[in-house]
Amino acid sequence: MKEIKSKITDDDTTPVQGYGWNELAQLYSPGLSISAQNKQLLRWITKNTQLSNDLTRDGWVKGNHRLTPRQVRTIFFHIGEP
């Protein structure tokens, strides 16, 4: 399994930048398999109606492989930083 390097900075915050879906999912759930990481992130988004609505407003569509910095900021706002 390909390990993605942590994007934690010196001040222990995760930078708001564009992420691949798998990359962000791994930051949130590092102990799970890749498939489980992706499903967990999607579950959190779909169960949080406000987050889902805000991401849709920001241009997110289920199945997108890339998240924009704005979409990442929205996720961080609703479920916190990884």
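The values are calculated or read from the model by the stated rules, or taken from the named source; none is laboratory data. Being a predicted model, the structure only gives us computed values, none of them experimental. Glycine also receives a Cβ, built like all others from the backbone with ideal geometry; neighbour counts cover every protein chain displayed.
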Mind counting the residues in the range 15-32 that are assigned to a loop (DSSP other than H, G, I, E, B) and either closer than 15 Å to GLN71 by Cβ or in contact with a strand residue (DSSP E or B) (Cβ under 7 Å, 6 or more places away or on another chain) (or both)?
-> 4
Residue list for the range 33-67, restricted to those being surrounded by 10 or more Cβ atoms within 10 Å (Cβ to Cβ) and not in a helix (DSSP H, G or I) | SER33, ASN48, ASP58, GLY59, TRP60, LYS62, ASN64, ARG66, LEU67
With respect to ASN38, is the statement that it is of a type outside the set (Lys, Arg), out of contact with any helix residue (DSSP H, G or I) (no Cβ under 6 Å at 6 or more places or on another chain) and modelled with pLDDT of 95 or more true?
-> no
